[in-house]
Amino acid sequence: MSQPDPTPWQAAAACAGLSPSVVFARRERQAAPALRACASCPVRRECAEAVAPAESWFDGVCAGLLWRNGRPVRPRSSDASRASRTSAGPRTPRVPDAPRPSPADPFDARAVAAQLDAVLAGAGTRGGGRD
């Protein structure tokens, strides 16, 4: 099965030449090349609009952030900042996240691909992409 041709904004993305295993990595270390590419990417806005990672169970790098299950992953802090936080006193307790609506079948890759295709097709008609 062949991949569809990339849209103009996808072709202009700084991550266009990276391996999918890097772009769709779930861990910071493996995603580091994609995160570095995003830092200077000219199409971050278009990427965020097309992928809409917070509206899906997206895993990977999108618009400069690492996402896991549709939520941004906070960068790990260095040992030095971790030590200063520990010596500064107790942490504020974490407030649980609000429940998220779940798709009918989050593991249905065809449905996710169809949704992404629909978003990408709509992005081309709005004139928001770069040529």
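Residue count for region 31-55 under the criterion of being surrounded by 17 or more Cβ atoms within 10 Å (Cβ to Cβ) and either in a helix (DSSP H, G or I) or of a type in the set (Ser, Thr, Tyr) (or both): the result is 12.
Being surrounded by fewer than 17 Cβ atoms within 10 Å (Cβ to Cβ), at pLDDT below 95, within 22 Å of Ala111 (Cα to Cα) and of a type in the set (Phe, Trp, Tyr) is not true of Trp67. Across region 29-80, the qualifying residues are those that are in contact (Cβ under 8 Å) with a residue 12 or more places away in the chain and acidic (Asp, Glu), and the one among them that is nearest to Trp9 (Cα to Cα) is Glu46.
Going by the structure shown, is Ser56 among the hydroxyl-bearing types (Ser, Thr, Tyr) and either under 13 Å from the mean Cα position of the chain (by Cα) or modelled with pLDDT under 90 (or both)? Answer is yes for this residue. Does Phe107 qualify as being in a loop (DSSP other than H, G, I, E, B) and either at pLDDT 90 or above or in contact with a Cys (Cβ under 8 Å, 6 or more places away or on another chain) (or both)? Judged against the criteria, Phe107 is not a match. So in region 11-23, with the set limited to residues that are in contact (Cβ under 8 Å) with a residue 12 or more places away in the chain and in a helix (DSSP H, G or I), which one is surrounded by the most Cβ atoms within 10 Å (Cβ to Cβ)? That would be Val23. Contact annotation: residue pairs with Cβ atoms under 8 Å, 6 or more positions apart or on different chains, pairing a residue in region 105-124 that is surrounded by 10 or more Cβ atoms within 10 Å (Cβ to Cβ) and among the β-branched types (Val, Ile, Thr) with a partner that is part of a helix (DSSP H, G or I) and modelled with pLDDT of 70 or more, are Val119/Glu49; Val119/Ala50; Val119/Val51.
Please work out if Arg26 is among the charged types (D, E, K, R), in contact (Cβ under 8 Å) with a residue 24 or more places away in the chain and either assigned to a helix (DSSP H, G or I) or in contact with a strand residue (DSSP E or B) (Cβ under 8 Å, 6 or more places away or on another chain) (or both). Taking the combined requirement at face value, the residue satisfies it.
The values are calculated or read from the model by the stated rules, or taken from the named source; none is laboratory data. Quick caveat: nothing in here was measured; it's all calculated off a predicted structure. Note: ideal-geometry Cβ built from the backbone for every residue, glycine included; neighbour counts use all protein chains shown.
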